[in-house]
Amino acid sequence: MEHLKPMEPTRIHSNGDSLFQDMTFAPDIPVYTTAAYNKDPCPNKLHLGIGVYRTEEGKCHTLNVVKQVEQTLANDLSADKEYLPITGMPEFNKLSAKLMFGSGSPAIKESRVVTVQCVSGCLSLRVGAEFLAKHYHQHVVYLPEPTYGNHPNLISAAGLTLKTYRYYDPKTLVLDFQGLLEDLGSALTGAIVLFHACGHNPTGVDPTCQQWEQIRQLVRQRGLLPFFDCAYQGLVSGNLDDDAQSIRMFGCDGGECFVAQSYSKNMGLYGERIGSLSIVCKTADVARRVESQLKLIIRPLYSNPPIHGAAIVTAILKDRDLYQKWTNELKAMRDRLVQVRRQLYDSLCNKGTPGDWSHIIKQVGMYSFTGLNKDQVDFLTREYHIYMSSDGRINIGGLSSKAVPYFAGAIHDAVISSLPSSTLA
C-alpha cells in the first residue's frame, strides 16, 4: 500500500496575523460596570448597576428555601442528569403556567396555554420573538420608552422591527399614560406590544389595575398582540397573585398573548438561567400546533434546557410547605426594598437635597429611576466610587441600609455640584 506523504500546512497569512486582526473592540455594556467596580480599591464603593438582590453585606442573596431544596436534591441518589425534552421539564411547565395565570385560569382548564421551559427570561423572549418572526404576519414590535436595555437586542436579533411607545415622563417622573394610550391607539394594526408585567425596568413605574384594564381594552380593540415580560413577580407587592394581575386580565379575556417568565429575581436563581415562555391560544388545537413549532425554534438554539434550575423551581412550587416558605421569604425581600426606598428618601429630605425626591417611594420593585443625569452619575463614580447605569437607574436591591447615608450624601453633593453658581448664591 502506498503511504501518503503528510501535507504541508496551508499558510493563509505569511506574516502570521489573525483572521480577526482588524476587529475593533466592542463598546462596554453600560449597566454591567462590574469589571470597573472589581478593580476599584475604595472600601466604600457601591455597585448599584446590575439587577441582583443582595444582602446587607453586599453578597448575592440565596433564599433559605432554595438551600433546603438543593440539599434534598443532592441527597437524592436516584436522580440523574438525563437530557430534558426539547420543551423542558413537563411538571415545571405546568406549575409555571399555574403560577402565572392562576389555578382557576379558563385558558389552562381548556388546554389553550402552551408553556415551554427556556433559558431564563432572556431566551424566553428570544424564543418568542423567533416564533413570531417565522409564523406571525406582523413583524413590528412596540417597546416602552424606556425599557430593559437587552429588550432591543433580543427582539431585533430575531429580525423584528422595533418601534417605541411613550411610557415614562422624565419631567414629571411618572407614567405618561395619555401618551401611552395615544401611541398604542395609532400603532400598526396587529403589531406586537411588549409590556412589563410589574416592576417596570428601569423606571419602577407601573400602571394601576384600572389603567391596565384600559390598556387591555385598547389592545384588543386595535388587534394588537401583547407580549409580557414578567421578571419580578412577588417582588413588587409582596403577593404573587397581585403581581400577575396585568397578565391575568389578558389571559382570561379569550384573546391570545405571550408571556416570558423568569425565576432569576424572585427565587434568586440568577446563575441557573431558568424561565419559561407561555403562549395563550384561541383553542387547544392551535396550542398543540404552536407547541410543535416551538420545538423547531428551540432545537437549533440550545437543543433543550438545563435541568437543575427547573428541579429547584418544581420542588418549591409543588410542595405546600416549601411554597409557603418561599412566599414568606419573598415578602421579606419586598418589605426590605420598601424600607430602603423610604430610608433613602428620608435621608435626602433631611439633607435638604434640592428637588422633589418623592418619586423614589412612589416607584416599586427592584429599581428606581433617580432622575440623576449622566453628568451627575459620572460625578458619583468619580468622586464617590458609586457604579450605576448612566441613565440614573439604581438597583434598590443592591443598596444596603448601612450604605444609604453614604449614597444619599453622594447624591446631595452631585446635585449641588451641578447647580449654577448663581443658584447657590
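The C-beta contact set for region 44-60 (first residue among the aromatic types (Phe, Trp, Tyr), second residue at pLDDT 90 or above and not in a loop (DSSP other than H, G, I, E, B), distance under 8 angstrom, 6+ apart or interchain) comprises Tyr53/Cys60; Tyr53/Met333; Tyr53/Gly397; Tyr53/Gly398.
Is one or more of the residues making up region 206-213 assigned to a loop (DSSP other than H, G, I, E, B), modelled with pLDDT of 95 or more and open to solvent by less than 30 Å² (accessible area, probe 1.4 Å)?
Residues of region 206-213 assigned to a loop (DSSP other than H, G, I, E, B): 206-208.
Still in the list and also modelled with pLDDT of 95 or more: 206-208.
If we keep only those that are open to solvent by less than 30 Å² (accessible area, probe 1.4 Å) as well, we get 207.
Within region 206-213, one or more residues are assigned to a loop (DSSP other than H, G, I, E, B), modelled with pLDDT of 95 or more and open to solvent by less than 30 Å² (accessible area, probe 1.4 Å).
For every residue, the table says whether it meets (1) in contact (Cβ under 8 Å) with a residue 24 or more places away in the chain; (2) open to solvent by 20 Å² or more (accessible area, probe 1.4 Å); (3) within 20 Å of Asn201 (Cβ to Cβ); (4) in contact with a Ser or Thr (Cβ under 8 Å, 6 or more places away or on another chain).
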{"residue": "Val119", "(1), (2), (3), (4)": "yes, yes, yes, no"}
{"residue": "Arg126", "(1), (2), (3), (4)": "yes, yes, yes, no"}
{"residue": "Ala129", "(1), (2), (3), (4)": "yes, no, yes, no"}
{"residue": "Ala133", "(1), (2), (3), (4)": "yes, yes, no, no"}
{"residue": "Pro144", "(1), (2), (3), (4)": "yes, no, yes, yes"}
{"residue": "Pro152", "(1), (2), (3), (4)": "no, yes, yes, no"}
{"residue": "Ser156", "(1), (2), (3), (4)": "no, yes, yes, no"}
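Between Lys318, Lys325, Lys295, the distinction of being crowded, with 16+ Cβ neighbours inside 10 Å, within 22 Å of Met100 (Cβ to Cβ) and touching a residue at least 24 places away in the same chain (Cβ under 8 Å) belongs to Lys325 only.
Going by the conditions given, is Tyr37 at pLDDT below 90 and open to solvent by less than 80 Å² (accessible area, probe 1.4 Å)?
Numbers: at pLDDT below 90: yes; open to solvent by less than 80 Å² (accessible area, probe 1.4 Å): yes.
Considered against the rule, which asks whether it is at pLDDT below 90 and open to solvent by less than 80 Å² (accessible area, probe 1.4 Å), Tyr37 comes out as yes.
For every residue, the table says whether it meets (1) open to solvent by 10 Å² or more (accessible area, probe 1.4 Å); (2) hydrophobic (A, V, I, L, M, F, W, C); (3) closer than 24 Å to Lys331 by Cα.
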{"position": "Lys351", "(1), (2), (3)": "yes, no, no"}
{"position": "Pro354", "(1), (2), (3)": "yes, no, no"}
{"position": "Ile361", "(1), (2), (3)": "yes, yes, yes"}
{"position": "Val364", "(1), (2), (3)": "yes, yes, yes"}
{"position": "Val377", "(1), (2), (3)": "no, yes, no"}
{"position": "Ile386", "(1), (2), (3)": "no, yes, no"}
{"position": "Ile396", "(1), (2), (3)": "no, yes, yes"}
{"position": "Ser400", "(1), (2), (3)": "yes, no, yes"}
{"position": "Gly409", "(1), (2), (3)": "yes, no, no"}
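The sole residue among Asp285, Asp243 that is under 22 Å from Lys109 (Cα atoms) and surrounded by 24 or more Cβ atoms within 10 Å (Cβ to Cβ) is Asp243.
Taken together, the criteria place Lys282 among residues that are charged (D, E, K, R), part of a loop (DSSP other than H, G, I, E, B) and either under 30 Å from Val116 (Cα atoms) or at pLDDT 95 or above (or both). The residues of region 158-177 that are of a type in the set (Phe, Trp, Tyr) and surrounded by fewer than 19 Cβ atoms within 10 Å (Cβ to Cβ) amount to a single one, Phe177.
Condition check ((1) within 18 Å of the chain's Cα centre (by Cα); (2) not in a helix (DSSP H, G or I)) across all residues:
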site	(1), (2)
Ser111	no, yes
Cys118	yes, yes
Leu125	yes, no
Tyr142	yes, yes
Thr147	yes, yes
Leu188	no, yes
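Taken over region 269-278, the criterion of being surrounded by fewer than 24 Cβ atoms within 10 Å (Cβ to Cβ) and either in contact with a His (Cβ under 8 Å, 6 or more places away or on another chain) or more than 12 Å from Val313 (Cα to Cα) (or both) is satisfied by Tyr270, Gly271, Glu272. If I ask for residues that are hydroxyl-bearing (Ser, Thr, Tyr) and at pLDDT 95 or above, which ones from region 167-188 would you list? Correct list: Tyr167, Tyr168, Ser186. Listed by first and then second residue, the pairs with beta-carbon distance under 7 Å, at least 6 apart or on different chains, first residue in region 357-373 and within 13 Å of Leu235 (Cβ to Cβ), second among the basic types (Lys, Arg) and part of a loop (DSSP other than H, G, I, E, B), are Met366/Lys265.
The values are calculated or read from the model by the stated rules, or taken from the named source; none is laboratory data. All values reported here derive from a predicted model rather than from experimental measurement. Glycine gets a Cβ as well: all are built from the backbone with ideal geometry, and neighbour counts include every protein chain shown. To get the accessible areas, we keep the full protein, side chains included, count just its heavy atoms, and leave off ligands, DNA and RNA. Shrake-Rupley method; radii C 1.70, N 1.55, O 1.52, S 1.80 Å.
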